[in-house]
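First the structure, in the form of structure tokens, and then the observations on it.
The values are calculated or read from the model by the stated rules, or taken from the named source; none is laboratory data. Note that the coordinates shown come from a computational prediction; the quantities given were computed from them, not determined experimentally. FYI the Cβ positions are ideal-geometry reconstructions off the backbone, even for glycines, and counts take in every protein chain you see. We work out accessible area using only protein heavy atoms, side chains counted, and drop any ligands, DNA or RNA first. Shrake-Rupley method; radii C 1.70, N 1.55, O 1.52, S 1.80 Å.
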Amino acid sequence: MQPDTTRKHRIPTAGFSIPELSSLDTLMSSFMERHDLSAGTLAISRNGVIVYDRKFGWQDAGRSIPIRPDAIGRVASLSKPVTAAAVHRLVEDGVLRLDQPVFDLGHGDGVLKIAPLGTPDGRLKDVTVEHLLHHRGGWKTRGGDLSFMSRQAAEELGVPSPPSRGDMARWVMGQALQYTPGTDWAYSNVGYMLLGLVIEQTSGMDFEAAVQSLVFEAAGVSPDRVRVGANSPDGSLPTEWFYDSNGSTSRNIQYPHHSRDPTAPSAFGGWDFKGHCAQGGIVTDAAAMLALAAHRNVGLEEGIGARRRDAGGWKASHRGSHPGSNSMVIQRGDGFDVCVVFNRMPQAWSDEHHGSEVAAMVDHLLDERYAEEIERSVGGHVSVVRENRAVSYTHLRAHETPEHLVCRLLLEKKKKKYS
């Protein structure tokens, strides 16, 4: 079976074509056409085996270069489960504790030995690694997300914009907490920005190398498929697709020290993507995220990043959205996992979330059909994608283990319903 890069649905597709799963191609292509999305990827796994992994669209802004089979893109806040997995790996290795204080502050065994800008909140000493993992560190987005205030921080610190993550941490440490650590829950980008520094301090590696080594190497994902995003197109990798700003522009975070342009497309220059590496700056693909999900909890809940829970009737999910990215991963106790990534965020303040919409449709289909389809497929010739090659089900039957019970996920009669 050869990689398919044809334009069956007017939108180019790439990856191994599996006729039994062509309805998924239709679902993705139709959705992207309807919403005028230029790049996206959908992957589905069963007990850690990738059964579907396809890319759709184009690499470039002009929609003239078909999507590459090895295309990667920003996954926005799906970076957080990656960060959480790296933290848990360090805990399992005995070099970090969940109850360990995050800040040293001259007393105790805090991880980060960073001097705050100004007088820190007295409760800062009580913030633990576990608080950061579970969004209980004391920061809220009410009044603005501190991690996105790079320009203000740079001015107050007297450094070029964007400031380093270490400088951002100094500035954040000088701001008042909005609740006592551990007593409330509020989604916190700040917490994950700090966890990135904790990982670096504890592992002795930069963040990119740390997640490649601690998280993805064990999952069989090569380092070139997991990178930290850049702040300008010049820093993008050849495999990265175009990031669509959806017509929006922002004050250029790199102006005037690193750019001559005071404004920039929101997907490049509007935010410090490199500085947001641990909270939303990872560049990878849907299949790599599912390789992580096979071993670690990825849902936005207690236990994120820990070893994957036992099989059962549960579901967990995490989504991401950032200029140039919109993503969703669904983890299921029956062994099926789904990940969707697109290269554009819907309009600001919109209730739309493209990744969530597609992932929810696939999740619904799995609820309706997966058990019956597994039974129908055993002994057949359904092809799956594994380690970047096509493998026939006949071959898998000869070496059968429970993880190889893959199935056709859709029947052709489903096309009309979800197209």
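A few points about this structure:
- Peptides 66-77, 178-189 ranked from most to least packed by the mean count of surrounding Cβ atoms within 10 Å: 66-77, 178-189.
- Shape index of the range 215-345: Rg/Rh, with Rg the Cα radius of gyration and Rh the Kirkwood radius from the inverse mean 1/r over Cα pairs, equals 1.03.
- nm² value of the averaged projected area, convex hull over the Cα atoms of the range 1-135: 13.1 nm²
- Between Ala209 and Tyr179, the simple label model (points 7 Å from Cα in the Cβ direction) yields a spacing of 3.8 nm.
- Portion, in percent, of the accessible area of the range 1-127 that falls on carbon or sulfur, probe 1.4 Å: 52 percent
- Span from the the range 92-153 Cα centroid across to the the range 12-79 one, whole angstrom: 38 Å
- Two numbers describe the Cα atoms of the range 163-259: Rg and Dmax, which are 16.9, 45 Å.
- 5 Å binning of all Cα-Cα separations within the range 135-217, expressed as whole percents from 0 upward: 3, 14, 22, 20, 18, 15, 7, 1
- Highest mean packing first, where packing is the average number of other Cβ atoms within 10 Å per residue, the peptides 316-323, 111-118, 278-285 line up as 278-285, 316-323, 111-118.
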